[in-house]
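Colleague: Following this message is one structure expressed as structure tokens.
Read-outs: derived from the displayed coordinates by stated rules, not from any lab. Every value quoted in this text rests on a predicted model; they were computed, and no experiment measured them. Using ideal geometry, Cβ is built from the backbone for each residue, glycine included, and neighbour counts are taken over all protein chains shown.
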Amino acid sequence: MTTPSRSFAGSLALAAATVTVLAAGPIACGGESGPAQAKKSDAKAGDAKAGDAKAGDAKAAPKVSAAAVLEKSKNFFQPLPTEAKSDKYALNDDIVALGKALYFDPRLSVDGDMSCNTCHDVQNFGVDVREVDGARARTSLGHGGKPGARNSPTVFNAAIQFVQFWDGRAADVEEQAKGPVLNPDEMAMPDAAAVEKVLAGIPEYAPLFDKAFPTAEKKLSFDNVALAIAAYERRLMTPSKFDAFLNGDLAALDQKQLLGLQTYMDVGCTTCHTGSGLGGTMFQKLGSVKPYETADMGRFEVTKQEADKKVFKVPVLRNITKTGPYLHDGSLATLEETVQMMAEYQLARGKLEPAELEAIVAFLGALEATPPAELITPPELPGKAG
Ligand code: HEC
Ligand code: HEC
């Protein structure tokens, strides 16, 4: 087990070096750094290859040491698994195949027009890409097109989190999957029995449940529907270039991404966004160093504890370049403004320099990846073929 805060404190020396690198960094096109600083960082970037700087650059760009950044990264991050195992049951292809069909099946909604995939489109990074007035809806459109209260998070890598939902009100994806089907504002089925009845009315589903749950007394049950959908989600993992890097491929990230990763660690994003998801491991207050205006009381709605007002689950940052708009209410449109807001409201150090911001956003781009194609290609739904 790693303890982020402790490791962070232990790496101040490297942090000091970084500030220097940043000041003279390859992306600081304004070239505000002094020659003395540039020299110091040159000395630090021991493994920099000479002559790499593009002709016409005002100054030679000092290199960030991939090996040093990797060493430090190991204090905060782990590579993603290819599946998020459950300690309650074994994942297998039969459960996942059933879960995928159910995930895509709109017949699980009262009007037959909405599936999990409607709001978590797996061909679009697992988020709701439906638009209102030419831009992605800030909050998901529910039953009857009514906007909901919150932005729909991606289902990619969701299963690895310590809890589900922005306020953590479900323990795991198995518990979570029951919610939307019966939620009157979402798929709006009246009760578990109604869901079982619909599925029992599609004979092609029976053999799929038999295969997925061979030893269950009642195979086609609402509990098993949720379990199968969750099993499918447990496979929606997206290892990316960043994982290749964590696994030792020093060339996996380009210089800008390396600088961004170093900056991300040095400014302290890792206080909250750590682990294999770069999030999903803890709750934190939105506005931890400076009050942030929002109507949603987050975790307070669940616990009614004063200290939980405006506390949210720290979200996973995997594929964050693709999952906007941002925050629990979708109130911020771009990643740049979101990262800057984080620096201002979550970090004592305050706003980022433009070069730091650009580097961090470049690093976040290295978290982009999709699950295997066979998992996200829409399936032929049982009883709908031919
Ligand atoms: C009408 C749109 C809508 C539908 C349909 C829907 N969801 Fe969601 N989903 C959301 C929204 C909005 C949230 C965030 C709600 C919150 O945190 O309070 C969410 C949260 C989640 C989360 C938690 C992710 C995280 O990072 O905390 C998972 C997992 C999830 N949904 C899976 C599903 C599955 C599986 C289905 C189908 C059974 C489904 N959703 C159907 C909109 C939807
Ligand atoms: C003190 C804890 C904390 C720190 C430090 C922190 N964050 Fe966050 N971050 C959060 C919380 C909590 C949220 C969710 C807030 C919400 O949605 O209301 C969040 C949300 C985000 C989001 C939006 C995610 C989404 O799916 O909409 C991004 C992007 C982000 N953080 C990036 C960063 C970066 C980059 C840094 C460093 C500059 C950083 N954060 C520092 C706690 C933190």
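Colleague: Say R0 is 25 Å: what FRET efficiency, to the nearest 0.05, do Lys309 and Ala192 get from their beta-carbon distance? Walk me through the numbers on the way to the answer.
Modeller: Values: r = 33 Å, r/R0 = 1.34.
Here the calculated transfer efficiency is 0.15.
Colleague: Each residue of segment 220-230 in order: what ³J(HN,Hα) in whole Hz does its phi give by Karplus 6.51 cos²θ - 1.76 cosθ + 1.60, θ = phi - 60°, with x for Gly and Pro?
Modeller: With coefficients 6.51, -1.76 and 1.60, one gets 8, 10, 4, 4, 6, 4, 5, 5, 5, 4, 5 Hz.
Colleague: Using 0.36 nm per residue of separation minus the Cα-Cα distance, give me the extension gain between Lys74 and Glu301 in nm, one decimal. Could the numbers behind the result be given before it?
Modeller: Values: separation 227, 0.36 × 227 = 81.72 nm, distance 3.54 nm.
Gain in length upon complete extension: 78.2 nm.
Colleague: Moving on to the next point. Skipping prolines and chain starts, which residues have an amide H placed within reach, meaning under 5 Å, of the one on Leu141, given they are 5 or more residues away or on another chain?
Modeller: Result for Leu141 returns Gly148.
Colleague: For Ala348 and Ala244 in the same chain, what is the full-extension length gain: residue separation times 0.36 nm, less their Cα-Cα distance, in nm?
Modeller: 34.3 nm
Colleague: If you look at just the Cα atoms of segment 236-283, how large are its Rg and its Dmax in Å?
Modeller: Answer for segment 236-283, Rg first and Dmax second: 11.6, 34 Å.
Colleague: What does the charge count near Pro239 come to, summing +1 for each Lys or Arg and -1 for each Asp or Glu among other residues with Cβ under 13 Å from its Cβ? Let's see the in-between values first.
Modeller: Details: positive: Arg235, Lys241, Arg318; negative: Glu83, Asp243, Asp249, Glu368.
Residues close to Pro239 contribute a combined charge of -1.
Colleague: Summing Lys, Arg as +1 and Asp, Glu as -1, what charge do residues with Cβ under 15 Å from the Cβ of Val195 carry, Val195 excluded?
Modeller: On the way: positive: Arg107, Lys178, Lys197, Lys218, Lys219; negative: Asp105, Asp111, Glu186, Asp191, Glu196, Asp223.
Result for the local shell: -1.
Colleague: If you add up the charges near Val311, with Lys and Arg at +1 and Asp and Glu at -1, over every other residue whose beta carbon is less than 14 angstrom from its beta carbon, what do you get? Let's see the in-between values first.
Modeller: Details: positive: Arg169, Lys285, Arg299, Lys304, Lys309, Lys310, Lys313; negative: Asp167, Asp296, Glu301, Glu306, Asp308.
Value of the local net charge: +2.
Colleague: Here is the link list: Lys290/Lys351; Lys100/Lys219; Lys88/Lys310; Lys72/Lys310. Which ones come out longer than 23 Å on Cα distance?
Modeller: Lys88/Lys310; Lys72/Lys310
Colleague: Given 5 Å bins starting at zero, what is the percent of C-alpha pairs of segment 316-386 in each, up to the one with the largest pair distance?
Modeller: The distribution over segment 316-386 is 3, 14, 18, 19, 14, 7, 7, 7, 5, 3, 2, 1, 0, given as percents.
Colleague: With no solvent and one equal point scatterer placed on each C-alpha of segment 73-188, evaluate the Debye formula and give log10 I(q)/I(0) for q = 0.15, 0.17 Å⁻¹, two decimals.
Modeller: For segment 73-188 at q = 0.15, 0.17 Å⁻¹, log10 I(q)/I(0) is -0.74, -0.94.
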